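Written below as structure tokens is the structure these notes are about.
Each reported figure results from applying straightforward, stated rules to the coordinates on display, with no laboratory input. Source: prediction; values computed, not measured. Here the Cβ positions follow ideal geometry from the backbone for every residue, glycine too, while neighbour counts run over all protein chains shown.
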Amino acid sequence: MLKIRDAREEDLPRLGQLVENYKFRREPPRPGELDRLKTVLRESLEQPRTRLLVADDTDRGVMGYLCLHILPFPLLRGREAYVTDLLVDYPERNTGAGTALLDTAVGLARREGCLRLMLNNFREAESYRRGFYARRGWRERTEFANFIRILDGPDRP
Ligand SMILES: CC(C)(COP(=O)(O)OP(=O)(O)OC[C@H]1O[C@@H](n2cnc3c(N)ncnc32)[C@H](O)[C@@H]1OP(=O)(O)O)[C@@H](O)C(=O)NCCC(=O)NCCS
């Protein structure tokens, strides 16, 4: 049975493994990257306004995770929830874990009084091509340009 719950300390190694499986499939990590991953996972667990959710199956264990940040947004005149990460491990895809994580995040954001949720989806990603978010009620915003300014890191997430 699939359960969505908050991540715990003991989930961190598995979450690190999920990210490694996804990110370092084609190119190996750069120096220091694995340490930064550990640090940022712990930070996500400890930040009061950040929720790290896991999809935990009785038989298969932790299949995926979602990271949600609650952000005060004065110009919006309220709070926005930002989904930075949604990831399900390759062998576990297409069994409903991603949808369950996303539904839980929407419910949480609502309970936190957020006015809306936001996320980025790489246009070349399979999930974008398959219209994963559009099919689940999310609207693609074409009226905004998405800017980043690189400080010290890759030009892609
Ligand atoms: C997108 C993702 C989270 C979906 O998780 P999932 O548990 O497989 O999703 P579900 O089983 O709940 O739903 C199946 C949907 O996933 C999508 N999907 C299925 N296999 C996929 C794959 N190999 N890659 C990407 N998306 C896939 C399809 O859109 C399918 O939607 P449909 O039912 O509307 O056709 C997962 O495929 C993933 O981790 N992809 C890589 C990371 C990513 O793209 N994250 C989103 C950007 S932030």
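Couple of notes before you dig in:
- Between the stretch 54-85 and the stretch 91-157, the Cα center-to-center distance that results, in Å: 10 Å
- A run of the chain free of exposed loop cleavage sites, with GluC sites (Glu not before Pro) counted only in DSSP states other than H, G, I, E and B and at most 12 other beta carbons within 10 Å, reaches its longest extent at 1-123.
- Within a Gaussian network of the chain (alpha carbon springs, distance under 10 Å), most fluctuating of 30, 93, 49: 30
- Taking the empirical scaling 2.2 N^0.38 Å for compact globular proteins as reference, the stretch 2-136 has a Cα radius of gyration ratio of 1.06.
- For the stretch 2-136, the relative contact order comes to 21 percent (Cα pairs under 8 Å, sequence separation of at least 6).
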